[in-house]
Amino acid sequence: MGVEVEVVLYMKEPPDEKLLTRITKGLEDPVEDLVRKDSKFKKMELTAEDYVNNSNAVVEILSSQKALLQRPLLVKGKIEGNGPLKAIIGRPKDRIADFIK
């Protein structure tokens, strides 16, 4: 599509609390969708309702459990710094093309 992107391997370079907070502020999706509700989520006995409309809870869990970050996560803006970001979860994948245009 002729768009330059930077791929961040979140398991090697996980976002810190500050970046996660900026992402939640610019997220077009419900904030609770950033947390994967997979087998690890169930094994930790987490409750999805605890995260609904609660960006602080989402940031807290993702700061300590990076594997629960939903992916792919697409972010526009400068990751370094304090400026605003725009973000979406790239599911379903048809959303990606519209977001990166």
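The values are calculated or read from the model by the stated rules, or taken from the named source; none is laboratory data. Worth saying up front: this structure is predicted, and the values here are computed from it rather than measured. Counting neighbours? That spans all protein chains shown, and the Cβs are built from the backbone with ideal geometry, glycine included.
Taking the stretch 1-25 only, how many residues are closer than 14 Å to Ala67 by Cβ, touching a residue at least 40 places away in the same chain (Cβ under 8 Å) and of a type in the set (Lys, Arg)?
0
Return the residues of the stretch 85-101 that are in contact with a strand residue (DSSP E or B) (Cβ under 8 Å, 6 or more places away or on another chain), part of a helix (DSSP H, G or I), over 19 Å from Val35 (Cβ atoms) and at pLDDT 90 or above; say none if nothing qualifies. Spell out how you get there, then give the answer.
We begin by selecting, within the stretch 85-101, every residue in contact with a strand residue (DSSP E or B) (Cβ under 8 Å, 6 or more places away or on another chain); these are 85-90, 95-96, 99-100.
Then keep just the ones that are part of a helix (DSSP H, G or I); that gives 95-96, 99-100.
Okay, now just the ones that are also over 19 Å from Val35 (Cβ atoms), so 96, 99-100.
If the condition is that a residue be in contact with a strand residue (DSSP E or B) (Cβ under 8 Å, 6 or more places away or on another chain), part of a helix (DSSP H, G or I), over 19 Å from Val35 (Cβ atoms) and at pLDDT 90 or above, then Ile96, Phe99 are the ones that fit.
Residues in the stretch 61-84 that are assigned to a helix (DSSP H, G or I) and of a type in the set (D, E, K, R): how many? Before you say what the answer is, go through the steps one by one.
Filtering the stretch 61-84 for residues assigned to a helix (DSSP H, G or I) gives 61-64, 66-68.
Going one step further and asking which of them are of a type in the set (D, E, K, R), we end up with 66.
Total meeting the criteria: 1.
Only one of these is within 13 Å of the chain's Cα centre (by Cα) and in contact (Cβ under 8 Å) with a residue 60 or more places away in the chain: Glu28, Glu32. Name it. I'd like the intermediate steps shown before the answer.
Details: Glu32 fails: in contact (Cβ under 8 Å) with a residue 60 or more places away in the chain.
Unique residue meeting the criteria: Glu28.
In the stretch 44-60, which residue that is modelled with pLDDT under 95 and assigned to a helix (DSSP H, G or I) is surrounded by the most Cβ atoms within 10 Å (Cβ to Cβ)?
It comes out as Tyr51.
Within the stretch 65-96, count every residue that is small (Gly, Ala, Ser), exposed (fewer than 11 other Cβ atoms within 10 Å of the Cβ) and either over 14 Å from Arg22 (Cα atoms) or under 10 Å from the mean Cα position of the chain (by Cα) (or both).
Count: 0.
Residue check, Met11 against (1) within 16 Å of Lys76 (Cβ to Cβ); (2) out of contact with any Leu (no Cβ under 8 Å at 6 or more places or on another chain); (3) part of a loop (DSSP other than H, G, I, E, B); (4) of a type outside the set (Gly, Ala, Ser), all met but one. Which one?
Condition not satisfied by Met11: (1).
For the stretch 29-84, enumerate the residues that are on the phi > 0 side of the Ramachandran plot and touching a strand residue (DSSP E or B) at 6+ places or on another chain (Cβ under 7 Å).
First, pick out the residues of the stretch 29-84 that are on the phi > 0 side of the Ramachandran plot: 45, 53, 77, 81.
Across the stretch 29-84, the qualifying residue is only Gly77.
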